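Right, one structure below, let's go through it.
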Amino acid sequence: MAHTEGQVMTLETLYQFMVKEFGGLKGELTKIREDLGKEMEKREAVEARVKIVEDDQVQLKNQIKSLQDDVIFLKENVNDREQYARSWSIRITGLSVSKEDEVKLGKDTAVMKTAYDRVLKPILNAAKAKGDITTVPTAYHLLLENGHYIHRRGGDKGAAGGQRGGGGEGGQHQIPPIIVRFCSRHLRNVVLRNKKTSTPKPTDAEVVLGAKRYGIFEDLTVKNFKLLRSAIEEKKILKCWTLDGKLRFTTEQEPERVRSLGDCRTVAEFFKPK
């Protein structure tokens, strides 16, 4: 009987001990659960803020992309407008203007008169003989409204069209290039259409100075000029030129097909593997 009571006392003591210990453990678990709940709330708040930041980043990227597209559009629009303003003008290389005419007439007038007498009038006479036009202006001031010397642009050598590496501007020489502006855009285009077959040859004096031929080219914007330069340097391109400032070219693979860049902004982009 004493042994049984001893066992009861032991079990009671153990029970009380366990109640005490587990009671404390339960309190700790409750506190842990509460702390965990708070941390979960903090995490959810952080995730919500991160989501807001991510959404802002997406919106910001979209805005930046939209602004970049607008800038590209505006640059292209400005370039097109500038090119149109140049569409009454041509550049001529290899043509020398006498010092006597410069002193007598003034540089600008001497440039216009020399360009008319030596280059433009012969081309227009040939165009009239072909039936392209019915009359030829009888004096330089009836054809041209301005003319002057220009500084040679970087990379001008071989950059005015024709076969790749063909020395498009007649090669480098000592004669400064000139630019003339027509009164009629139509007659300017007639000159460009007939230059290949009807441009006269340089004088012996000009040949001595390094002019193998007179070069007659569209007056291109800096952007369009660089685009033409890149086309000349592209090995896959056979021939290249510009038409109203727009690049045209044929390729080694398709020499009879005239191509344009289409939606591509660069020559490299055009030839990039699809």
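The values are calculated or read from the model by the stated rules, or taken from the named source; none is laboratory data. Just so you know, these numbers come straight off a predicted model, no measurement behind them. All Cβ positions, glycine included, derive from the backbone under ideal geometry; neighbour counts span all protein chains shown.
Do we find that Val207 is over 20 Å from Arg86 (Cβ atoms) and buried (at least 20 other Cβ atoms within 10 Å of the Cβ) in this structure?
no
Okay, residues lined up against (1) more than 30 Å from Pro176 (Cβ to Cβ); (2) among the acidic types (Asp, Glu):
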{"site": "Ile32", "(1), (2)": "yes, no"}
{"site": "Glu39", "(1), (2)": "yes, yes"}
{"site": "Ala48", "(1), (2)": "yes, no"}
{"site": "Val58", "(1), (2)": "yes, no"}
{"site": "Asn62", "(1), (2)": "yes, no"}
{"site": "Ser66", "(1), (2)": "yes, no"}
{"site": "Val71", "(1), (2)": "yes, no"}
{"site": "Asn77", "(1), (2)": "yes, no"}
{"site": "Glu82", "(1), (2)": "no, yes"}
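Which condition does Gly170 not pass, out of (1) modelled with pLDDT of 95 or more; (2) under 13 Å from Arg91 (Cβ atoms); (3) out of contact with any Leu (no Cβ under 9 Å at 6 or more places or on another chain), if it passes all the others?
In the conditions (1) modelled with pLDDT of 95 or more; (2) under 13 Å from Arg91 (Cβ atoms); (3) out of contact with any Leu (no Cβ under 9 Å at 6 or more places or on another chain), Gly170 misses (1) alone.
Pick out the one residue from Ile90, Ile123 that is over 15 Å from Ile175 (Cα atoms) and not in a helix (DSSP H, G or I).
Within the list Ile90, Ile123, the selection yields Ile90.
Quick one: in region 91-123, which of the residues that are in contact with a strand residue (DSSP E or B) (Cβ under 6 Å, 6 or more places away or on another chain) and farther than 20 Å from Ala205 by Cα is surrounded by the most Cβ atoms within 10 Å (Cβ to Cβ)?
So, considering only residues that are in contact with a strand residue (DSSP E or B) (Cβ under 6 Å, 6 or more places away or on another chain) and farther than 20 Å from Ala205 by Cα, the one surrounded by the most Cβ atoms within 10 Å (Cβ to Cβ) is Arg91.
Here are some residues: Val180, Val267. Which one is buried (at least 18 other Cβ atoms within 10 Å of the Cβ), at pLDDT 90 or above and within 21 Å of the chain's Cα centre (by Cα)?
Val267
Of everything in region 138-157, what is at pLDDT 95 or above and out of contact with any Phe, Trp or Tyr (no Cβ under 8 Å at 6 or more places or on another chain)? Give them in sequence order.
Hits for region 138-157 are Thr138, His141, Leu142, Asn146, Gly147, His148.
What residue, of Arg188, Arg257, is of a type in the set (D, E, K, R), assigned to a loop (DSSP other than H, G, I, E, B) and in contact with a Ser or Thr (Cβ under 9 Å, 6 or more places away or on another chain)?
So the residue among Arg188, Arg257 that is of a type in the set (D, E, K, R), assigned to a loop (DSSP other than H, G, I, E, B) and in contact with a Ser or Thr (Cβ under 9 Å, 6 or more places away or on another chain) is Arg257.
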